[in-house]
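Colleague: Below is the structure I would like to discuss, written out as structure tokens.
Each reported figure results from applying straightforward, stated rules to the coordinates on display, with no laboratory input. Not measured: the values here are computed from a predicted model.
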Amino acid sequence: IQAVSRGHSVRKVFRVPLQRHRAALRIQRQVRRHLASVLVKELEAANFRRWQHEAATTIQCMARRVFACRLRDHLHFVYLAASSIQAHCRGYLSRLHARQNNAATVIQ
């Protein structure tokens, strides 16, 4: 009976500190869980921003490629048009020069 009584009194003395210890552990566990969830959300947001940046870069790259191809095609068309105009001008000038030489030959 004495052992039971001493055990009861010891448990009674240590019950309050044990309850406080368990409460402190519970609070620490909840704080750690909250901090971990905040960290995970920040990492997910950073990964999303990185993914969004890479997607935007890819879209910009494709848009620049399309514009560059259109510009190249336009400049090629302009080059062909200029070459055609130059060829016609050379032909006209050579015919004009030939006529003048022909006229000079007839006059002589």
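Colleague: Debye calculation, C-alpha points only, no solvent: report log10 I(q)/I(0) for the stretch 8-108 at q = 0.12, 0.19, 0.23 Å⁻¹, in the same order as the q values.
Modeller: -0.79, -1.01, -1.11
Colleague: Determine ³J(HN,Hα), in whole Hz, for all residues of the stretch 67-84 in sequence, where each value follows from phi through the Karplus function 6.51 cos²θ - 1.76 cosθ + 1.60 and θ = phi - 60°; x replaces Gly and Pro.
Modeller: Ordered by residue, 3J(HN,Hα) equals 5, 5, 5, 5, 5, 4, 5, 5, 5, 5, 5, 4, 4, 5, 5, 5, 5, 5 Hz.
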